[in-house]
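Let me begin by presenting the structure, written as structure tokens, before commenting on it.
The values are calculated or read from the model by the stated rules, or taken from the named source; none is laboratory data. No experiment lies behind these values; they were computed from the predicted model shown. As a convention, Cβ positions derive from the backbone with ideal geometry for all residues, glycine included, and neighbour counts pool all protein chains shown. Calculation scope for accessible area: heavy atoms of the full protein, side chains included, ligands and nucleic acids excluded. Shrake-Rupley method; radii C 1.70, N 1.55, O 1.52, S 1.80 Å.
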Amino acid sequence: MILAAALSLTLHLMSGGIDRTYHLYRPASLGQGERAPLVVMLHGGFGTGAQAEKDYGWDKLADREHFIVAYPDGVRRSWNAGMCCGPARDQHLDDVAFIGALVNEIQRTQNADPQRVYITGMSNGAMMAYRLACEATFPIAAVGSVAGTFDMPSCAHPQSTRIMEIHGLTDQHVPFNGGIGINHSQPQPFPPVASSLAVWQNANGCASDPRRSTTGVVTRTRWTCAQGDDVELITIANAGHEWPGSHKGPRGALLGRLLHIAPADPVSDAMNATDTLWRFFASPPK
């Protein structure tokens, strides 16, 4: 059934023998049966789909730009991104299969456009987005990572897709230059952001000389690649582990104390990550 009005619904989907949940937003600006892009927003570790929907502003943008948003829930607030993190990784859950089934279900029931599927995520969710760009069987038009990185040796056959990484240079949870973060649940070191992006620079046939510009604390570096599958890095000099421009961080102080992790960093107002990612997603390949 195609939804005819703006609704945010909590839906269920069986995957790997587990009853998984996700939140779906289809704006009233979409006509009944109208084919539309799909953004899959993967929450960060210790977050939820409902939290991501509330904090990051995708629904309001979907109203204006006419696309569908899905907010899946990780098992026990985590995603199995391979190297990271928490219960989903420890239980070897097949989150690649779950997101694939979710995308297929939304394409079937909501007429989402198979050629305009965009995956984005925060932290552990960003790492999961990278893993999907390596292993998913459905085409991904672009990936947007906020505060993410990826273990590149595990990515043998990456999709040739556009990539944008947004990262705070003072991030201590997923350090920009790699290393062990302050999050106690992830004792092994993270790879540097540059090595993660190199996977897609190689896969996409990117030029070695990027264009770079700086405005205030924000620096944008863009590698022009074959067939328009460009790779872009945005760094914020004074930003930590957070979603720039969001309403608040991905977890509260009480939850952080209970889980023995540091509280969320203050939110940077140097840019709006949601608006920036959508402009990248929606722009035609150059």
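Rolling a 1.4 Å probe across the protein heavy atoms gives the chain an accessible surface of 41 Å² per residue. A Stokes-Einstein calculation at 25 °C with viscosity 0.890 mPa s, built on the Kirkwood radius of region 95-136 over Cα pairs, returns a diffusion coefficient of 228 µm²/s.
Of all DSSP bridge pairs formed entirely within region 124-228, close to 60 percent run antiparallel. Eigenvalues of the alpha-carbon gyration tensor of the chain, scaled by 5 and square-rooted, set the equivalent ellipsoid semi-axes at 26, 23, 19 angstrom, largest first. For the chain, modelled as a Gaussian network with Cα springs under 10 Å, which listed residue fluctuates most, His157, His173, His66? Most flexible of the set in this elastic network: His157.
For the chain, the carbon plus sulfur part of the accessible surface works out to 55%, probe radius 1.4 Å.
For Leu169 and Ala50, a Förster radius of 30 Å and the Cβ-Cβ distance give a FRET efficiency of 0.50, rounded to the nearest 0.05.
Roughly speaking, what is the stretch gain from Ser29 to Thr214, that is 0.36 nm per residue apart minus the C-alpha to C-alpha distance, in nm to one decimal?
Gain in length upon complete extension: 63.0 nm.
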